[in-house]
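Here the structure is laid out as structure tokens; the discussion comes afterwards.
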Amino acid sequence: MTGRIAIALCCAALSACSPAPDGLVITHTYGFAPVGTSGMAVAYLTVHNNTGQDIRIESVHSKLFANAEIHETVMQDGHARMRAMENIEIRAGETLELEPGGVHLMLMQPHEPVTAGTVDTLTFNLSQHDAVIAPVEFFARNAPPPMHEDIH
Ligand SMILES: [Cu+2]
């Protein structure tokens with residue numbers, strides 16, 4: 001009985017029991033709309049590298065924001081700060097989570113107002129592979145975003 005429940009939960013979580021698709025696959029995208037007039041949104045997602053090669057995400061392009069950067073949150077002097085990353089590498093066969101407190105996408109300078117419910121289209125430019133496109137929906141964030149400061 002316990003085993004059957006575990007399998008059922010597994011299928012629900014994966015949303016499909018079919019074999020994983022090839023290539024670089026992006027799932028579980030979500031983001032927070034800009035707070036106030038900051039014009040800065042954040043997006044999180046999961047990247048699966050279902051290939052036999054390491055793949056780098058070289059850059060990200062947003063349809064709704066002029067500027068999309070890969071950031072990581074680091075602790076400095078006891079404070080969480082963000083800094084830009086040149087790229088992110090996903091090792092062959094591995095999964096990388098972009099999540100609060102870690103690596104995330106920073107979307108800046110919206111072409112038009114972006115609010116809760118807005119859906120953006122992100123294009124991920126990859127090393128040695130075709131670009132991957134994924135939608136991301138923004139939600140309302142009640143708390144202000146973490147302190148933002150680039151450390152280069
Ligand atoms: Cu950031």
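The values are calculated or read from the model by the stated rules, or taken from the named source; none is laboratory data. Quick caveat: nothing in here was measured; it's all calculated off a predicted structure. All Cβ positions, even for glycine, are placed from backbone atoms using ideal geometry, and neighbour counts span all protein chains on display. Ligands, DNA and RNA are stripped out before the accessible areas are found, and what is left, the full protein with its side chains, is counted by its heavy atoms. Shrake-Rupley method; radii C 1.70, N 1.55, O 1.52, S 1.80 Å.
Residues that are small (Gly, Ala, Ser) and on the phi < 0 side of the Ramachandran plot were ranked within segment 66-84; the one that is nearest to the ligand (Cβ to nearest atom) is ALA84. Only residues that are surrounded by fewer than 17 Cβ atoms within 10 Å (Cβ to Cβ) and either of a type in the set (Asp, Glu) or within 16 Å of the ligand (Cβ to nearest atom) (or both): list them for segment 109-125, please. The answer is GLN109, GLU112. Could you tell me whether any residue of segment 74-83 is open to solvent by less than 20 Å² (accessible area, probe 1.4 Å) and of a type in the set (Gly, Ala, Ser)? Within segment 74-83, none of the residues are open to solvent by less than 20 Å² (accessible area, probe 1.4 Å) and of a type in the set (Gly, Ala, Ser). With respect to (1) under 28 Å from GLY23 (Cα atoms); (2) away from the ligand (no atom under 16 Å from the Cβ); (3) open to solvent by 40 Å² or more (accessible area, probe 1.4 Å); (4) touching a residue at least 40 places away in the same chain (Cβ under 8 Å), the lone exception for PRO100 is condition (2).
Rundown of residues vs (1) under 22 Å from MET106 (Cβ atoms); (2) of a type in the set (D, E, K, R); (3) open to solvent by 30 Å² or more (accessible area, probe 1.4 Å), yes/no style:
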| position | (1), (2), (3) |
| --- | --- |
| GLY23 | no, no, no |
| THR27 | yes, no, yes |
| GLY31 | yes, no, no |
| SER38 | yes, no, yes |
| VAL42 | yes, no, no |
| GLN53 | no, no, yes |
| GLU58 | yes, yes, yes |
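Against the definition (out of contact with any Gly (no Cβ under 7 Å at 6 or more places or on another chain), part of a strand (DSSP E or B) and open to solvent by 40 Å² or more (accessible area, probe 1.4 Å)), how does ILE133 come out, yes or no?
yes
Taking segment 85-127 as the range and being at pLDDT below 95 and either on the phi > 0 side of the Ramachandran plot or not in a loop (DSSP other than H, G, I, E, B) (or both) as the test, the residues that pass are GLY101, GLY117. Among the conditions (1) in contact with a strand residue (DSSP E or B) (Cβ under 6 Å, 6 or more places away or on another chain); (2) more than 13 Å from the ligand (Cβ to nearest atom); (3) not aliphatic (A, V, I, L, M), the only one that GLN128 does not satisfy is (1).
Yes or no: ARG141 at pLDDT below 95, surrounded by fewer than 16 Cβ atoms within 10 Å (Cβ to Cβ) and not hydroxyl-bearing (Ser, Thr, Tyr)?
For ARG141, the condition - at pLDDT below 95, surrounded by fewer than 16 Cβ atoms within 10 Å (Cβ to Cβ) and not hydroxyl-bearing (Ser, Thr, Tyr) - is met.
Within segment 56-83, the set of residues being closer than 21 Å to ASP120 by Cα and small (Gly, Ala, Ser) comprises SER59, SER62, ALA66, ALA68.
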